[in-house]
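The values are calculated or read from the model by the stated rules, or taken from the named source; none is laboratory data. As the structure is a computational prediction, the values presented were derived from the model and not from experiment. With ideal geometry, Cβ positions are generated from the backbone for all residues, glycine too; neighbour counts draw on all protein chains shown.
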Amino acid sequence: MITGYWPYLIHFGIAAAFVAFLLFLTTKIKPANSDKAEKYPDTFECGVPRKGDARGMFNVRFYIVAVMFIIFDVEAVFLFPWAVSFFDYKATGLGLFVLAEMAVFLIILLVGYFYMIRKGALQWEDPE
């Protein structure tokens, strides 16, 4: 029984040896920067100097747009396979049921979208 696992063990051993060799090689090749001024320069790699703290506050509207993008992206992920296989369901007699399921799914998403529009979550200027 155990003889069937030898190729896997050999492959794992070669991969582990390769990783260990690369880790050893990077410790020998890297430049030695012990000076903190060189290790943490005032500019980033792009050359733009830092301004303030990196943990700055962002407007919540950026997060709302990001969440909406993810929601509608997931909708597209569910919509494309459904559209491709819809005619197969139609041939089996489940076509009307599958169409109604997708309509409910889209209606729920549209209700949420219009609710966000009504609440003003997508307006970039502040209400006055």
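Which residue pairs have Cβ atoms under 6 Å apart, sit 6 or more places apart or on different chains, and have a first residue in the stretch 72-91 that is assigned to a helix (DSSP H, G or I) and a second that is surrounded by 12 or more Cβ atoms within 10 Å (Cβ to Cβ)?
75/109; 82/102; 89/95; 89/98
Can you find a residue that is part of a loop (DSSP other than H, G, I, E, B), of a type in the set (S, T, N, Q) and either at negative phi or at pLDDT below 75 (or both) anywhere in the stretch 57-66?
yes
Looking only at residues in the stretch 91-117 that are under 23 Å from residue 58 (Cα atoms) and not hydroxyl-bearing (Ser, Thr, Tyr), which one is farthest from the chain's Cα centre (by Cα)?
117
Among the residues of the stretch 93-116, is any among the aromatic types (Phe, Trp, Tyr) and either outside any helix (DSSP H, G or I) or modelled with pLDDT under 85 (or both)? Even if it seems obvious, please write down each step before you answer.
Residues of the stretch 93-116 that are among the aromatic types (Phe, Trp, Tyr), as a first pass: 97, 105, 113-115.
Pick out the ones that are also either outside any helix (DSSP H, G or I) or modelled with pLDDT under 85 (or both) and you get 97.
Yes, that holds for at least one residue.
Checking residue 73 against (1) within 28 Å of the chain's Cα centre (by Cα); (2) modelled with pLDDT under 70; (3) of a type in the set (Asp, Glu), which test does it fail?
Among (1) within 28 Å of the chain's Cα centre (by Cα); (2) modelled with pLDDT under 70; (3) of a type in the set (Asp, Glu), the lone unmet condition for residue 73 is (2).
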